[in-house]
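> Got a structure for you, questions after.
The values are calculated or read from the model by the stated rules, or taken from the named source; none is laboratory data. Quick caveat: nothing in here was measured; it's all calculated off a predicted structure. Cβ placement follows ideal geometry from the backbone for every residue including glycine, while neighbour counts extend to all protein chains displayed. Side chains are part of the model used for accessible areas, which takes the heavy atoms of the whole protein and leaves out ligands, DNA and RNA. Shrake-Rupley method; radii C 1.70, N 1.55, O 1.52, S 1.80 Å.
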Amino acid sequence: MNHSLPIPDVLRSALAGLLDGLPPSQAAGAVDRLITHYRGVVPTHAPVLRDRSDVAAYAAYRMPATFEAVRSALDAFRDATGEWTPATHTDIGGGTGAASWAVAEAWEDAGTPVATTVLDWAEPALAIGRELAEASGLPGLRAARWERARIGSALTLHSADLVTVSYVLNELTPDDRRTLVDAAAGAATGAVVIVEPGTPDGYARVIEARDRLIAAGLHVAAPCPHSVACPIEPGTDWCHFSARVSRSSLHRQVKGGSLAYEDEKFSYVAATRFAPDPASARVTRRPQIRKGQVLLDLCTAEEQLRRETVSKRHGSLYRAARDAEWGDPWPPHPAEPAS
């Protein structure tokens, strides 16, 4: 495969033939069941991905969205951590490897590929993950280790610079979630990145994980501008962000509609063993552009939520506000002076 292409294009190409030979009705049925698990709160003691058909449907339908969500979280994380580069990476519950693809892209130009180990309890997912990684042509992914492991309280982790846990906590019991987050914090010599669906329940799991990471001595690098309590009053709102995903033919078959894209909502926390340089504030809602002004909803380093109005009189800052997107740091780096 042509690995000179952008990695999202490489991923789409690797996924293109995955559903060959699988009846469309069977793929759609598997997707419907997987969506129930993805959106739900009922934990399971068995792998959600049971066989190759399940994995093929999951990978074609969900892997691009998971990749884009983790990619967005890593972008914000890297803004706060500068030149820090992981040499080793453990992807807990990584399935077909979407987070590992995002890690490979994030540090693609680091010189030495990140050495990744993917842990999952579903062997069919690991098998397809290996196939996709081999097809990628990316040295780091092709050299990744794919290991079967029971994800939960019995999991034993070796140390790694970076530990990722994406779209996994919703599959676990509350006790197993807490144990897993503590284990991830203990194994990470550099950083932990946790991503969950951008639902109220997903946010609640992220906040619980965030509290445990802070208790373990880590510092929040993103999305929060601080490492104290979240200023959102429980039950009134939830913190989440959005990543744009190109829709495959399977997306259109299952969901209908004609748009070529959809927006993946996700919640996340990224925390470090070292002191990061988090954003002064983060845009927590889609900016509202009105005549001569932009309204920004912000979470700030002052540990509070605030709406800021940026008008034309702010000059270059106003122009930056018009370009600002949901999830961006504010003010942009480097800070642009008002004129």
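> So, in region 294-316, of the ones that are more than 14 Å from C224 (Cβ to Cβ) and within 24 Å of the chain's Cα centre (by Cα), which residue ends up least open to solvent (accessible area, probe 1.4 Å)?
That would be L296.
> Ok, one more. Which residues, taken from region 1-28, are farther than 15 Å from E131 by Cβ, at pLDDT below 75 and surrounded by 12 or more Cβ atoms within 10 Å (Cβ to Cβ)?
H3, P24, Q26, A27, A28
> Of the residues A106, A73, which is at pLDDT 95 or above, touching a helix residue (DSSP H, G or I) at 6+ places or on another chain (Cβ under 7 Å) and within 25 Å of R244 (Cβ to Cβ)? Lay out the reasoning, then the answer.
Details: A73 fails: touching a helix residue (DSSP H, G or I) at 6+ places or on another chain (Cβ under 7 Å).
The unique qualifying residue is A106.
> Here is a further query. For region 317-327, enumerate the residues that are surrounded by 22 or more Cβ atoms within 10 Å (Cβ to Cβ) and part of a loop (DSSP other than H, G, I, E, B).
Hit for region 317-327 is G327, nothing else.
> Of everything in region 75-110, what is open to solvent by less than 10 Å² (accessible area, probe 1.4 Å) and β-branched (V, I, T)? Give them in sequence order.
I92, T96, V103
> Still on this model: Restricting attention to region 259-283, which residues are open to solvent by 20 Å² or more (accessible area, probe 1.4 Å) and either closer than 15 Å to P225 by Cβ or assigned to a strand (DSSP E or B) (or both)? Step through it out loud before you land on a result.
So the first thing to find is which residues in region 259-283 are open to solvent by 20 Å² or more (accessible area, probe 1.4 Å), and the list is 259-263, 265, 273-278, 280.
Hits for region 259-283 are Y261, E262, D263, K265, A275, P276, D277, P278, S280.
> So which residues in region 141-155 are open to solvent by 70 Å² or more (accessible area, probe 1.4 Å), in a loop (DSSP other than H, G, I, E, B) and within 24 Å of A14 (Cβ to Cβ)?
Matches in region 141-155: A143 only.
> Shifting gears a bit: Is one or more of the residues making up region 123-132 within 18 Å of A60 (Cβ to Cβ), open to solvent by less than 10 Å² (accessible area, probe 1.4 Å) and within 18 Å of the chain's Cα centre (by Cα)? Lay out the reasoning, then the answer.
Taking region 123-132 first, the residues within 18 Å of A60 (Cβ to Cβ) are 124-132.
Restricting the remaining residues to those that are open to solvent by less than 10 Å² (accessible area, probe 1.4 Å) gives 125-126, 128-129, 132.
With the extra rule that they be within 18 Å of the chain's Cα centre (by Cα), the set shrinks to 129.
So far as region 123-132 goes, yes, one or more of its residues are within 18 Å of A60 (Cβ to Cβ), open to solvent by less than 10 Å² (accessible area, probe 1.4 Å) and within 18 Å of the chain's Cα centre (by Cα).
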